[in-house]
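**Q** Would you mind keeping the following structure in view while I ask a few things?
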Amino acid sequence: MLNMNIKPVSALRDYNKLLKEVDADNPVFLTKNGYGKYAIVNIENYDRFVNGMKLLKDLQQASNEKGSYTMDEVFGDLD
């Protein structure tokens, strides 16, 4: 489970200090007026998230076209 590092958006005033708290497994979440508004993540996690979303979109589109896939068909292109 992620370590929930939650700060007010005003913490950006000292962004150098804030950015030191961001690492591969611990994003920093920023709140505005007491509500979650932003997440600061490192670029590797962002890339992983974007690629995962693309994969899900492709799988959903393919599932609509074909109906179902075997595990080998799904994970074959990932090797």
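**Q** Using alpha carbons only, how many degrees (0 to 90, rounded to 10) separate the axis of helix 43-66 from the longest principal axis of the chain?
**A** 30 degrees
**Q** Let me ask you something else. Reachable lysines from residue 37, Cα under 23 Å, same-chain residues fewer than 8 places away excluded?
**A** 7, 17, 20
**Q** Let me ask something else about it. Do the sum for the chain: with -39,500 (n - 2.57) for every DSSP H run of n ≥ 4, divided by all residues, what is the mean residue ellipticity at 222 nm, to the nearest 500 deg cm²/dmol?
**A** Here the helix-only value at 222 nm equals -14000 deg cm²/dmol.
**Q** Determine the sum of side-chain charges near residue 43: Lys and Arg each +1, Asp and Glu each -1, restricted to other residues whose C-beta is under 15 angstrom from that of residue 43.
**A** Taking every other residue near residue 43 into account, the sum is -3.
**Q** In nm, to one decimal, how far is the modelled label at residue 44 from the one at residue 19, with both set 7 Å along Cα→Cβ?
**A** So the label points at residue 44 and residue 19 sit 1.8 nm apart.
Laboratory data are not the source of any read-out in this text; all were calculated from the coordinates shown. Please read these numbers as outputs of a predicted model, since none were measured by experiment. Note: ideal-geometry Cβ built from the backbone for every residue, glycine included; neighbour counts use all protein chains shown.
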